[in-house]
Each structure stands twice: as C-alpha cells, then as structure tokens.
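Chemist: Here it is: the structure, laid out below.
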C-alpha cells in the first residue's frame, strides 16, 4: 500500500500552493494585496521568502504587500519595466483594479505574470466564489490568457505562463477556478528546478533585463501620442501576438516531453465521430470528461473541447480539433454579460467556426457555475440531451431552475458516473478543527500511498458556529470529479447537534459507514437520535459507530478541539490504509505538525489518538422499529416561525433548489432577518440574577450579538408574564416606578461570556457569583425561550424618556443590529449595535467590504433590523476601495433631496398653509422628541398633499415623494482598518476633506481580519501578522492625526472596554457635528491571539498602557477653545505587559526574542512620545476659521506646532 | 588579600555571592552583567512545567483559533517556528551563557510530573548546565495526599535523576516541611549534592478595589534571612559534605557574611538585584570584604560554618523557638 520506488516528487496540495510554488521559484519580485480566494498564493510566497527559500537563480524573492491591487499592479508595472521578473496574485475586484496597468504592461510588451484564482465580480451582490467574470473582464487587456482546469494544471501552467511571457514578451494572465481549483487539495506531480530551468531560457531573461529602464541606456516610455501615430503604433505589436500560440504550444510540448503530461492550446476528448461537442475551460472540464466517457461507453457520440489558451484565441486549433462529424456544439461560459448576443467564449467559438467555414455546425450557448454553483455530470448529461433535441435552444443555463426566462436545462438525475474512489463526507464546525484534520489526512494518504486523493471543503458564511462539510475522495486513478460527493462510503458527523439541523445522512450510500461524535454511549445513543437519522440508518443499513470525542478531547487536555480524536476513527473505520500503518503515520504527522509548539501539545494529541480508538464503539441498531415518527422525520430547529418565505428557505439550506423567481431582481433584501435564524450554538448561556443587578447596562453594551437585552417598562406589562420571567425595580431616580429586565436570547447567544466578564456587580457572600452568570445551556435554554418571547413583546420605552449619553440609557434603546454571525466575542459588533441604538431609525450605512460586510450582509440573513414602526438602518455595501466616496454619494443625494423638498415646500406654502411649512422648515431635530414631532408633521404634510388636486397635484406628488427627507438622516461610513488605512485611504481622506456632514466609523482590528490576518498599516509595531511574520517593523499609522490636520473634522479614538461612556459620547458628538466626523474604534479580534471572552479586559489594558489613548477632537468656533481632549489617564503599565498577553506579540517573543524586545522597546518609545505630544496637544487653542474678522488665525497645521499657543 | 573562593556543588566559585533564579538571570545581557559584577555563579530562572505547558497550549490554541472555519480564512497567523518556547528558550540561554561566560551556570527546573521533570533536567544538563537545581515548589492542598507520599515522590525523582545526569544536583526546599532535617538527610542519601534553603512562594493577595485574588511577587526583605539562617546553622553539622546555599533575605554583604558564618557555601541574591540591579553584587562583595577585613578573616573558607549549631557560642536559639522570652522582650510602642 505504501509508496515504493522513485518517480517524480509528489505533493498533496491545493491549487493556490501549486501555482505559487512555481511563481515563487520564477520571480524576483512578488507584489500583492490579499483577496479571497487568491490570498494564500501571496501568503505562501511570503512564508517561503521569510524562510529563505530561493528562486531558481539563487535569490530570495522580495515579497511586498501593497495598499491595494491597484498599487500592486503599479508596482508590478514598475518592477517589470525595470527588467525584473515580477508577478502578482489576485481575483475578482482585485483584477479589476489592475486593469489600467495591465493595458499598459501589455501595450509596452513587458513580460509579467498575474495568477488569478478566478472569482465572481460583485454585481447584484458580492460573491467570494468562483466563476470567470473577473478574467473575462480582463480579456481585452492584451494579456495572454491561460486556463488551468485542475490543481496539476495550475502547477504546470504556472510554468508555461512565466516562460511564455519571457519568450513572447506578451504578459500572461494564468487563471484557474476560485475555490474549486484554488482550494481543492489534490495529489500532483511536482515540477523540479530542472524542469523550470529547462523552459525558462536564460537568453529571454537577459533580453528582458536589458530592455529594462536604465539611465545607462535611456529610453522614454509611456509617451503621449497624437492622432497621427497612435493607431499605427497600436498595430505595431501584432506580430508578437501572432507568435504567441505557437510559442505556448512549443512550451507545452517541452513540458510534455519532460513530464509526460501533454497539453494543447485546445484539446479534444471523446468520440472520434462525435456529433455533439461541448466547449469549456476551467474546472468544469473534470466533470465534463467523466460525463463524455460514461456516455460514450453506452454508445453515444459526444465529445469535449478543452480550451487551454484563451487569448490569443486559438481559432485555428479549435476548428482543426472539432470532429468533422460534429453537427452540434454547445459552448459553456462561466460568466454572464447581460445584453450581449452571447457570453464571451460562445462568441469566440461562433466567430472561429464562422471564419473557418464550418457554418453547418449549430452552435449554442450554456451558462453555468456562476459564483461556484455546482456543475455535475448529471447537469452535463441534461445539456447533451438538450443538444440532441430537434431544435435545441440557443441560450440556456445549467444548474439552476429558471422559471422566469425559462432558460434552464433539466439535469438527468438518473445518470451516474461510476467511481473506484472511496468517498467520505465529514460534517463539522469551524471551531472544532475538522477541516484542518481532513487536510492533514489527505496529505497523509496522498503522500504515503499510491492512492490519488482529493479534498474539497464547503463552509457556511457565519464566523461563529459555522458549519463545515469536507468532501474527500481516495482512489487508484486520478480523480477528476470536480463536484461535491453525493453518495458517500463514509459519513462522519463531528457535532451531535448537527443531526438536528441538516439531513446529514442524505449523502450516505447504502451500506456506508457512519461515525458520530455523541455525548452518549453506544448502547444508549440510539434513543437520542432524531427520527430521520434512525430511519436512514435502518433504511440504508449503515454500519454505525459512535465516540464521545468531546469527552476524550477534554480528558487529554485538548479542550474543544476534537479533530485529533475523530481523525484516527476515520482511519480505523475507512480502511483506506491498513489501520496500523495509518495510525503510525498519523502519529508521525502529529509530531511533524505540532513539534514546534512544544512537547505538551504533541503529547496531548498523541494521547488523543490512543484514547480515541479505545473509546470508539459500534452501535448495534435495535432490531425493532422504535420512536420513529414518520410525520416529523427531521426536527429542524434552525428557522423561527414567522420568517419570510425566502429567509426560511435560505436558513434551512434550501437555497440550491430555489428557482430564479424566488430571488429579488436587484439584490435588495429585507432587513431584520437574523432574528429568524435560531442557531442555538451557545453551550453556555448568561443567566441574570436581579437581586444583585445594579442596572449599569455594561452587559448589554458589550454583547457582540445583542443577545443580552435590557428593557425598562411599566409594571403593568408583567401581566401574563411566564412564571420564570424575572424583573426588578429600576434603580436610581431617572425611571421612577418602572421595572427593568435583563434577558438573554437563548437561541441567539453564542455563549462568548463577555457579559459575565464585564459585569461589575457581585454577591456579597460569594464574589464569583455576579449579576449575570454563565450556566449550562442544556439546563436553561428551554426555560429561557418563553421568557425571551415575552420580553420581545414588551413595548420599547419611549426614546425621549432616557438619556442617550449614558451607558445605561443607551442600552435601554432598542438595538437595530442583532444576532450577527460574527465571531463569538467579536470586538467590532458592539460598536455597530450601539450605533443602531442611538441612531438606528434614521441611519444610512455605507459599509466597506470586510468582516462587517460579511456578518452584516452575507445571506442567508442580516443583523440590521427594524423597529416596530418599520424603520431601521438602511445598509449597503459598494466595494472595498470606494466606501467613503460611496457614503459621500449617499449623503450628497440626501442633501439634494432635502433641499429640493424644502424648495417645493416653500413653493407649496400657499396651498398647504404657512404654519406647517414653517414648522417643517424650522425644526432643528436635535433630539429624538423633535425628530418624532417632525415625522408627525411629515405625515400631516403627506395627508395634505394627497388632498390637493388640480394644477398643484403634480407638484404635490413630487413633494410627497421627497417629504421623508425633511426628517434628518445620519450617514455612517463604516469599515475596517484595511479599508480606512490602506485601500480606501485616499477616498477617506478626500471625503473628510470635503467638509460634508458624514460620519466615519473605523472598526480597527489592526489587521485584515476577514481575509485571514494580513498586516495593514494599522498593525502595531512588533505584532506578528501575515506579511509581518517577523513582527511589524514600522509603527502604526496615526489615522486620527491625518483627520485632525483638517481642523474641521471631529475625530475620536475610542475603546468600549476602556471607557464605555466615552464611546457613547463620541458617537453622539460625531453624529451631531455638522461636518465630517471620524471615530476610530479599537476592536479586539480573534487575530490578536486572545481569549475572546476577555476582549474588554484587553481593551482596558490597551488604554491603560497608553497604547490606545482615548481622545476626542471637537472643533469649535470659540476663541480659546481646546478642541483636543484626552479622555484616558497617563499610562500606568508598560506596553509590554499589555502586548505580551496577546499571542500576536508573544509569538514573536518565542520565535525571535531579541527582535521582540527591540520592537517592543521601539513601540514603548512610540507610546511615550505620542502621549507626550497628545498632552501638549490638549493645551493647544484652536478655533475654527470664521469670517467675522475677530478671530486670531492660528497656523493652519498645528500638528507640527506642538504646544503653540 | 581576602580569599572569597568557595566550592558549591563541586564547582569552584570565585565568590560565595550567587545570583538566584529570577528575572535578573533571564537574558545573556543580564547574566554577563552579573558576572561582571562578580557573581560566583548564576542560577537561571526556573523552567516551570505548568507554565511551559500553559504557554505552549495557549500559543497552539491561538494559532488554530478560527483556522479553516470560514471560506476566506485558512489561518490567522503565518506559520512560525517557536525556537524559544519553554525548554528551548532555556536551552538557548544556557548555550549562550556557556559560550560567553566563565562562571558556572545552574539550571533550575520545576515540574509536576516525574517524566517531564526528568526529561527537561536531563535536556538542560546535556545543553551545558553546570548543575541542576530542582525547585520543589508546589502547594500541597490535597487532603488525601500525605507528607510521606509527597516526600517519597521527590526522593524517587532525585533517585531517577541521579541515575540520568552526571552534573551535580541541588534541591531547593520549601520551608514548610514537618521534619526538615530528616527530609534533608534523605535527599542527601539519595544522591543530592546540595540543598538550597528556602524557596519563596508567590503568595495570593486580595485586591480590595476589584475583589480579585491576585498572585503577587513580594520581594524579600533583610528580615527574611532569619529562617534560612536557622536551618543552615542546624544542617551544617548534620550534613558536613553537602553543599548548602542560603537564599531569601540576602540583601547585603553583611547578609552574605551571616550566611557563610552559619555554614552556607554560597549566599544567593534575587530581590536585592531586582531592586538595585546587577551592581548590587559588587557592592555586597565590597561590604563582605570590608567586614572580613575588619574582623581579621582572610578567607571565606575560614568563616564557613564557624557559627553553626555546633560551633556557635550559644546554639540554643537554633533549637528553640525562644518564643516566650523573645516575646517578653518585645517593647510595645506607645500607640495609645
């Protein structure tokens, strides 16, 4: 079974690593910017260069992270023009940002390579998943385009790409499908350095270098040309393009001669006398190959044309390879060009066949796989059936049900492609390590045996309690199945609760093995299974095994990480490798993987393996039918009653089967839907003890999920309260006679524990008993459900009755941001929730792409909610890079609409009365009461306008459509540090400089959280992050200083855990400031390497050490004003005391203590100097410029004036 | 010329002043400063099993946190090599110290499981430590475990370690033993080369602002020397060939003189160094030399044990608590 003999080196890796290995070996400079799903390619290169890995010439490539893809493309352009070998990696929007430079690079015939993990472009929605809409948007740039369709090809074509760029001078865009190839783990044969050297001709490298820009042989590039010559010059490069196909084919041939892997610009597979042929490129090729082989085995005559070189389009090759017998060709595009005659590949093929004279062939088009939609042999079989019909439709879709335009073809659900592979499916949680263990398992099998191996991983969109499904195949033949497993030989369920939320055993084939992690012994588990599971185990005659993995993991000291417990069970039961060999190899891999983390980690994991096998037990399925209720086979708890139909389907994971008509046409979705998703993921729940509570509101303000609520209400509301519902008299004099309840939402709480951690009230008799305490969810969830339902029905308190500028007061306001899927203990979401409490009913949010756009706007639900009147935050995400500008646009529109409403109102004064018009015009709307009054006036206005007929009717309708704009709106531009400090900084700067009344909230996690911890310019000196593996060398940018330099921008730096009250006041002041405002909010993140239940303590320590000083810069027109107010005290602890409690800093201390000490000392110096500067700044008088002639103008830029006065 | 030379654990030291395990000995730079100031030897900070494991597990958990849990994130941190984690950090410090210093370097180990203790003591010995100090630091709060069982466990450990390492072994004792002299002799019988008296525990304190129980490091005061003085004085005649180190309350050269007089081969300093820096070693040495000169001593060897329980003019204070007499002699201040 184990590998014997020698051959080419093999590796079991994903497509990103396959491409990056070659790119790193063939580059001198790597510039990049992280974007899913291409980020890992850059990260690999950074890791390798950091470890000193050299390229084939012996140099360590310089890997540089840029501020955006536009920046990366600019740097790529420069590096290539200077004559170095430069590359970058990107996808989707990132590729779009590179387009301007790509035109330039190609226009100047400069060899360079971009590797693209092809991904959908954001249109009606963002999608991080794979299709060809990004690369198709680049097809006019003049770059050669190579399409790889598998992990092996991503490796091989990376070499072809680099070599072709050098040989032809035409830059190359090498792409493969995002996720399906970029993240699919496969066993491949590696190219060695000799292979690389053989194809990369040194004379081409030297020629490229000699063309490089140099004052020793100066030339001018990038000239501006006039109508006299521009056109001719554009045509001058034609011979280079004409030479590309032959050059690429020559390289493919050279590669084939060395490796045995023969490639063509276009390849044909199938029956020599095929009548029906499909054309496609990318990962769909794998599924198509399986389909045509199986169909031809049964005598059908079908074929497949695989496009490898997409630009320059190999028309002649395509025509030559298309069998002369073919009468029907269907071209599959994985992109959509609305309004075009057809999608791009289709048009190319039509033109190619037309030009070649093959006009007898009927060419049709099929669109498939957008946003990683599944593409399977059954769908292809359906397409071939459509092609055989008497009059096949010209334009169809594959993989969906289109009941609007009726484009879809029906899959053939009876079609099966046989496989010799063992197929295994694992259901797990993101936090339990299932995916990581499976990746390790695939590598183990792939690299220790002659078996081929494939792994593909599916995740849901939440960051807490996310479900993962691993699809693994192992077999004696190369695996081409580029689609999910539908008939598994082995099914593992790593979380018992998942049995109730998904039909896990649907995927099991008859007689499969089923492994369940359950908190029950083998002889008692049966009675605890949902009815559907019992039914399926019996009906499919599954071999059923159980293990209490959580118990084993706890026993050996691994906490909630059950991966090392479940993995040996898979090996023991699946028989992919003989059991003893498998376990020995598994232990070896543990020592290899965890060796650098210390013996304790290795020992615990090894112990887990041994204990797991002892604890694994076969379940004897009871002979008699029992407890099965056929009427309720699956007890889905995921969807709350009353959810909108679409939300219900999406939450229940039925999105795949939704027809086109079920989806909105323009991407607009209802808000307030997260409340319908009852995930019940908290294993512990906070339970309130009103006898101790002091009404402070801290638990509610820090709750990242709005799952702890506080309400004050009239005692009469307690009529009909459930028996267990708790309340107390409101403390203090501000709300006399009212009752107060702090209530957990038991199905929405993640059990993160932040509320308990922050609670300051404790029992006198036992200090560890607080006013809110974590308790086992199993003991409390059922009891708290009716309490929560009752709590929700209690009317919200009149907003005007409470002070908004206190912690308690703010927490008595209804949150309109609730139950997000953010990480448990997220440091960002409490700020958004607070914002929604203060301004939710009149707030417009422009949200930059990032964590906040994912937990804020990723289907199936959104946490942005509505109040009882149907008002709530209106939320939109434009892009990552343009959020400030987008938000400004929304503001400009509102101002325009408001001004127009006022103008019309004034015009209509004679018809609707002076009194109401004046009242509407003069309302200052400074507080909730005044806003409520204005809304009433607007309602009256609309009533009056509706009654107008005759000549005023048209104007009345126009004013009525704008009347709501007479109520003040507040505009919040929200995003993370990646946006504000890096990619969106230019736009942010411009918007702050515009003087317009917008509010900016920067959720500063000091790292690119959403894409996995890459350094941003907000990353502090000395912290470890990706692209800063040896600790960030430079200091964090002082974003507030830039904003303050304008003088008229309200700027605040806040940290909820440092001072909740200061945060509340800063947000209120920012909203009230009539000009631009910037609030920079310290946001703890899982990427800080902290226990998230202690988030607020870390924030407090950040403030206490002076690392994160709290301040508010409140511009004032008053003479003698001191706009800069320091809200935190002078540092009382050393920075290192704060820093070394976080793994992002302590990791460096353990890998390079000298450097860690050096950087921490530098960071301490940063802090000391900044504090000194801020103390001086607090004494600086500065008045906003005004024109009454009395003010004494101070220097415009007092940032450099220190204590000027 | 005063001869300060002494022998500790079979190692020749130029001075009886030794830097005890503390943050003052956690870097090469500090160790070199101590050597420069005249320290006879240095004891590196203790390698604590619980601490090492906790840190390793924490780093491991943080590295894994969030990994592969949603499609955009494989992991949150770059792959890293922790060459300075736990034992490796100590090993590197020993290697560096041995390469750049001439005075003996003693490694200190504190474990909870026998296997860990043995493995790491052996590792540090192989790594170049001149001696191993076993730091018997534990809080025995389990009412089911007898004093005998605890002592037997330690004796077995010493037995096993003696078999596995060639370098001298010292044991740092807790002052809270039912029969200190008995346990000390049994340790020596098991092959221990020296005893260090006594360990100072972190003691919990109550924060009245937060009502948290906090583990505080309280530096010693000169008063703290009295307990080890008694026991060195008692043990010296009982264990004539065993190295004895006095630690706790050594703040000055006069304290060193006391230690040597009762029978200590070395006096170990930590709190004084943490308060005043490595230079305190030189100051203490100068004080010691001055005292010896004034008293006419010409060598430390001459002094050592000259005031033990066998050689002191009146040894009764060693044996009896003298509670009543001492208390009676205490003059109550006028606080009324």
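The values are calculated or read from the model by the stated rules, or taken from the named source; none is laboratory data. The model shown is predicted, which means the values in this text are computed figures rather than measured ones. Using ideal geometry, Cβ is built from the backbone for each residue, glycine included, and neighbour counts are taken over all protein chains shown.
Chemist: For residues in region A:72-91 being part of a helix (DSSP H, G or I) and free of Cβ contacts under 8 Å to residues at least 60 places away in the same chain, which is nearest to the chain's Cα centre (by Cα)?
Modeler: Only one residue tops the list, namely A:72.
Chemist: For region A:978-996, state whether one or more residues are within 14 Å of chain B (Cβ to nearest Cβ) and surrounded by 18 or more Cβ atoms within 10 Å (Cβ to Cβ).
Modeler: yes
Chemist: A further question on this structure: Is it true that some residue in region A:47-58 is in contact with a strand residue (DSSP E or B) (Cβ under 8 Å, 6 or more places away or on another chain) and surrounded by 22 or more Cβ atoms within 10 Å (Cβ to Cβ)?
Modeler: No, region A:47-58 has no match at all.
Chemist: Residues to consider are A:198, A:164; find the one that is buried (at least 24 other Cβ atoms within 10 Å of the Cβ) and in contact (Cβ under 8 Å) with a residue 40 or more places away in the chain.
Modeler: Of A:198, A:164, the one residue that is buried (at least 24 other Cβ atoms within 10 Å of the Cβ) and in contact (Cβ under 8 Å) with a residue 40 or more places away in the chain is A:164.
Chemist: Check whether at least one residue in region A:1032-1040 is surrounded by 24 or more Cβ atoms within 10 Å (Cβ to Cβ), within 14 Å of another protein chain (Cβ to nearest Cβ) and assigned to a helix (DSSP H, G or I), and report yes or no.
Modeler: Checked against the condition, which is being surrounded by 24 or more Cβ atoms within 10 Å (Cβ to Cβ), within 14 Å of another protein chain (Cβ to nearest Cβ) and assigned to a helix (DSSP H, G or I), region A:1032-1040 yields no hits at all.
Chemist: For residue A:527, indicate whether it is within 14 Å of another protein chain (Cβ to nearest Cβ), farther than 30 Å from residue A:450 by Cα, in a helix (DSSP H, G or I) and in contact (Cβ under 8 Å) with a residue 40 or more places away in the chain.
Modeler: No: the conditions fail for residue A:527.
Chemist: Ok, one more. Could you please let me know if residue A:879 is closer than 26 Å to residue A:646 by Cβ, within 14 Å of chain B (Cβ to nearest Cβ) and surrounded by fewer than 24 Cβ atoms within 10 Å (Cβ to Cβ)?
Modeler: no
Chemist: State which residue is surrounded by the most Cβ atoms within 10 Å (Cβ to Cβ) when the search covers only region A:461-475 and only residues that are within 18 Å of the chain's Cα centre (by Cα) and more than 8 Å from chain B (Cβ to nearest Cβ).
Modeler: Result: A:464.
Chemist: In the set A:391, A:352, A:424, which member is in a strand (DSSP E or B) and at negative phi?
Modeler: A:424
Chemist: Which is on the phi < 0 side of the Ramachandran plot and without any contact (Cβ under 8 Å) to a residue 60 or more places away in the chain, of A:878, A:820, A:894?
Modeler: One residue alone meets the criteria, A:878.
Chemist: Please go through region B:212-228 and give me each residue that is in contact with a strand residue (DSSP E or B) (Cβ under 7 Å, 6 or more places away or on another chain) and part of a helix (DSSP H, G or I), ordered by number.
Modeler: The answer is B:228, and nothing else.
Chemist: Checking the structure you have, find out if any residue of region A:1074-1093 is touching a helix residue (DSSP H, G or I) at 6+ places or on another chain (Cβ under 6 Å) and either surrounded by fewer than 18 Cβ atoms within 10 Å (Cβ to Cβ) or part of a helix (DSSP H, G or I) (or both).
Modeler: Looking through region A:1074-1093, at least one residue is touching a helix residue (DSSP H, G or I) at 6+ places or on another chain (Cβ under 6 Å) and either surrounded by fewer than 18 Cβ atoms within 10 Å (Cβ to Cβ) or part of a helix (DSSP H, G or I) (or both).
Chemist: Look through B:155, B:124, B:161, B:134 and report the one residue that is buried (at least 21 other Cβ atoms within 10 Å of the Cβ), without any contact (Cβ under 8 Å) to a residue 60 or more places away in the chain and in a helix (DSSP H, G or I).
Modeler: Of B:155, B:124, B:161, B:134, the one residue that is buried (at least 21 other Cβ atoms within 10 Å of the Cβ), without any contact (Cβ under 8 Å) to a residue 60 or more places away in the chain and in a helix (DSSP H, G or I) is B:161.
Yes or no, residue by residue, for (1) free of Cβ contacts under 8 Å to residues at least 24 places away in the same chain; (2) in a loop (DSSP other than H, G, I, E, B); (3) closer than 23 Å to residue A:1091 by Cβ:
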| position | (1), (2), (3) |
| --- | --- |
| A:701 | no, no, yes |
| A:709 | no, no, no |
| A:740 | no, no, no |
| A:757 | no, no, yes |
| A:773 | no, no, yes |
| A:792 | yes, no, no |
| A:797 | no, yes, no |
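Chemist: Which ranges mark the strands (runs of 3 or more DSSP E) fully within region B:1-116 that have 1 or more residues being within 14 Å of chain A (Cβ to nearest Cβ), touching a helix residue (DSSP H, G or I) at 6+ places or on another chain (Cβ under 9 Å) and surrounded by fewer than 24 Cβ atoms within 10 Å (Cβ to Cβ)?
Modeler: Output list is empty.
Chemist: With the structure loaded, tell me whether residue A:17 is in contact with a strand residue (DSSP E or B) (Cβ under 9 Å, 6 or more places away or on another chain), within 17 Å of residue A:162 (Cα to Cα) and within 14 Å of chain B (Cβ to nearest Cβ) or whether it fails that test.
Modeler: Yes: the conditions hold for residue A:17.
Chemist: Additional query: Would you please name the residue that is surrounded by the most Cβ atoms within 10 Å (Cβ to Cβ), looking only at residues in region A:373-388 that are assigned to a helix (DSSP H, G or I) and touching a strand residue (DSSP E or B) at 6+ places or on another chain (Cβ under 9 Å)?
Modeler: A:380
Chemist: Tally up the residues in region A:997-1031 that are within 12 Å of chain B (Cβ to nearest Cβ), in contact with a strand residue (DSSP E or B) (Cβ under 7 Å, 6 or more places away or on another chain) and over 15 Å from residue A:982 (Cβ atoms), please.
Modeler: 1
Chemist: Quick one: which residue in A:419, A:482 is touching a residue at least 24 places away in the same chain (Cβ under 8 Å), surrounded by 24 or more Cβ atoms within 10 Å (Cβ to Cβ), part of a loop (DSSP other than H, G, I, E, B) and away from chain B (no Cβ under 14 Å)?
Modeler: That would be A:482, the only listed residue that is touching a residue at least 24 places away in the same chain (Cβ under 8 Å), surrounded by 24 or more Cβ atoms within 10 Å (Cβ to Cβ), part of a loop (DSSP other than H, G, I, E, B) and away from chain B (no Cβ under 14 Å).
Chemist: Tell me, which residue of region A:1175-1186 that is surrounded by fewer than 19 Cβ atoms within 10 Å (Cβ to Cβ) and assigned to a helix (DSSP H, G or I) is farthest from the other protein chains (Cβ to nearest Cβ)?
Modeler: Taking the candidates together, the pick is A:1176.
Chemist: Report the residue count in region A:641-672 for those that are assigned to a loop (DSSP other than H, G, I, E, B), surrounded by fewer than 16 Cβ atoms within 10 Å (Cβ to Cβ) and modelled with pLDDT under 90.
Modeler: 4
Chemist: Kindly indicate the residue of region A:721-734 that is out of contact with any helix residue (DSSP H, G or I) (no Cβ under 7 Å at 6 or more places or on another chain) and in a loop (DSSP other than H, G, I, E, B) and also nearest to residue A:687 (Cα to Cα) among those meeting that condition.
Modeler: Result: A:726.
Chemist: When region A:673-695 is examined, which residues are found to be assigned to a loop (DSSP other than H, G, I, E, B) and either within 23 Å of the chain's Cα centre (by Cα) or at pLDDT below 95 (or both)?
Modeler: Passing the criteria: A:673, A:678, A:679, A:680, A:681, A:682, A:683.
Chemist: Right, next: I'd like the full set of residues that are within 17 Å of residue A:499 (Cα to Cα) and surrounded by 24 or more Cβ atoms within 10 Å (Cβ to Cβ), limited to region A:549-561.
Modeler: If the condition is that a residue be within 17 Å of residue A:499 (Cα to Cα) and surrounded by 24 or more Cβ atoms within 10 Å (Cβ to Cβ), then A:549 is the only one that fits.
Chemist: From the residues in region A:1136-1157 that are facing another protein chain (nearest Cβ under 9 Å) and outside any helix (DSSP H, G or I), which one is farthest from residue A:1030 (Cα to Cα)?
Modeler: If we take residues in region A:1136-1157 being facing another protein chain (nearest Cβ under 9 Å) and outside any helix (DSSP H, G or I), then A:1142 is farthest from residue A:1030 (Cα to Cα).
Chemist: I would also like to ask the following. Among A:853, A:836, A:820, A:878, which is within 27 Å of residue A:653 (Cα to Cα) and part of a helix (DSSP H, G or I)?
Modeler: Just a single option satisfies the conditions, and that option is A:853.
Chemist: May I pose another question? Go over the candidates A:398, A:349 one by one and state the one that is crowded, with 22+ Cβ neighbours inside 10 Å and either over 26 Å from residue A:656 (Cα atoms) or without any contact (Cβ under 8 Å) to a residue 40 or more places away in the chain (or both).
Modeler: A:349
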